[in-house]
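The values are calculated or read from the model by the stated rules, or taken from the named source; none is laboratory data. The structure presented is a predicted model; accordingly, all values stated were derived computationally and were not measured. Glycine gets a Cβ as well: all are built from the backbone with ideal geometry, and neighbour counts include every protein chain shown. The accessibility values were calculated without ligands, DNA or RNA, using every heavy atom of the protein model including side chains. Shrake-Rupley method; radii C 1.70, N 1.55, O 1.52, S 1.80 Å.
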Amino acid sequence: MVSHRRRHAILTVIGLYLFAAAFIGYFAVNAFTGSRGLRAQQEIEQQLALMQKELAEIRGEKALWERRVALLRADKIDPDMLDERARALIGFTDPRDVTLLLTPR
């Protein structure tokens, strides 16, 4: 009888330790591989770095276009910019321009 109680107590303790180990193991695995784990965080940081680089390129392009638009505003129009846009839209040249026809090589 005494050995049966002792065996039951030992098995209960072992069962509780196994349950605790499985519980901790489950959360440890999810901490690394889960949707909000360490691997997911690294992927998000890589995406963030790429998007910040793309944002910097887009901001540079935006600044370029803002400078070009500012040159076409009525209060401070740049004659060269106006001439360039007019020629591009109409497709004509000034009669005083020299046109060179180049033969392809």
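In the range 71-86, the residues that are under 19 Å from Asp97 (Cα atoms) never reach a residue that is exposed (fewer than 12 other Cβ atoms within 10 Å of the Cβ) with C-beta atoms less than 7 angstrom apart, at least six apart or across chains. For the range 47-55, the condition of being under 30 Å from Glu84 (Cα atoms) and within 24 Å of the chain's Cα centre (by Cα) holds for at least one residue. In the set (1) modelled with pLDDT under 85; (2) surrounded by 10 or more Cβ atoms within 10 Å (Cβ to Cβ); (3) under 35 Å from the mean Cα position of the chain (by Cα), Ser35 fails one condition alone, (2).
Scanning the range 43-98 for residues that are farther than 30 Å from Thr33 by Cα, of a type in the set (Val, Ile, Thr) and open to solvent by 100 Å² or more (accessible area, probe 1.4 Å) yields Ile90, Val98.
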